[in-house]
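All remarks here apply to the structure that follows.
The values are calculated or read from the model by the stated rules, or taken from the named source; none is laboratory data. Note that this is a predicted model, so its numbers are computed, not measured. Virtual Cβ from ideal backbone geometry, glycine too; neighbours counted across all protein chains shown. Keep in mind that these areas ignore ligands, DNA and RNA; they rest on the heavy atoms of the full protein, side chains included. Shrake-Rupley method; radii C 1.70, N 1.55, O 1.52, S 1.80 Å.
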Amino acid sequence: MSNISISLPDELLTYVNQKAPNPSALIESLLKQWRKQQENQALAEACKLIDELDLGWDEEWQAQAITDWEASR
């Protein structure tokens, strides 16, 4: 695994150090959550574009696709 360094304002660093027993793990977790959010947003945008193509998918198929997607999360 690679290492990176980040710079934080002193007040934010103090806050993180007071609130988190392991600041590095907190930052890693926040970055993973952000990445997942970005992936979900990209997926939602792709689905919207597909919907705009009006490929003739019926509501039952869409409901099943959503159910499958939610189960895979």
Requested in this report: Any chance you could give the angle, 0 to 90 degrees and rounded to 10, that helix 23-53 forms with the longest Cα principal axis of the chain?
Outcome: 20
Requested in this report: Of the listed values (1) 16, 30, 21, 16, 11, 6, 1; (2) 14, 32, 19, 18, 14, 2; (3) 17, 36, 23, 15, 8, 1, grab the one calculated as P(r) over Cα pairs in 10 Å bins from 0, in percent from the structure here.
Outcome: (2)
Report summary line: Among 66, 40, 30, the residue whose Cα sits farthest towards the positive end of the charge dipole of the chain, when +1 is placed on the Cβ of each Lys and Arg and -1 on the Cβ of each Asp and Glu, is 30
Requested in this report: Work out how much length residue 1 to residue 67 would gain on full extension: take 0.36 nm times their residue separation and subtract the Cα-Cα distance, in nm to one decimal.
Outcome: 20.3 nm
Report summary line: Share of accessible surface on carbon and sulfur in region 22-68, whole %, 1.4 Å probe and ligands ignored, is 56
**Report entry** Angle between the chain longest axis and helix 10-19 axis [Cα atoms, degrees, rounded to 10]
**Finding:** 80
Query raised in the report: Helix 59-72 versus the longest principal axis of the chain: what angle, 0 to 90°, nearest 10, using Cα atoms?
Result: 30
Query raised in the report: How large is the dipole of the chain about the Cα centre if only Lys and Arg carry +1 and Asp and Glu carry -1, each at its Cβ, rounded to the nearest 20 debye?
Result: 660
Query raised in the report: What does the accessible area per residue of the chain come to in Å², with a 1.4 Å probe and no ligands, DNA or RNA counted?
Result: 94
Report summary line: Over the chain, the sum of -39500 (n - 2.57) across DSSP H runs of at least four, divided by residue number and rounded to 500 deg cm²/dmol, gives at 222 nm -25500 deg cm²/dmol
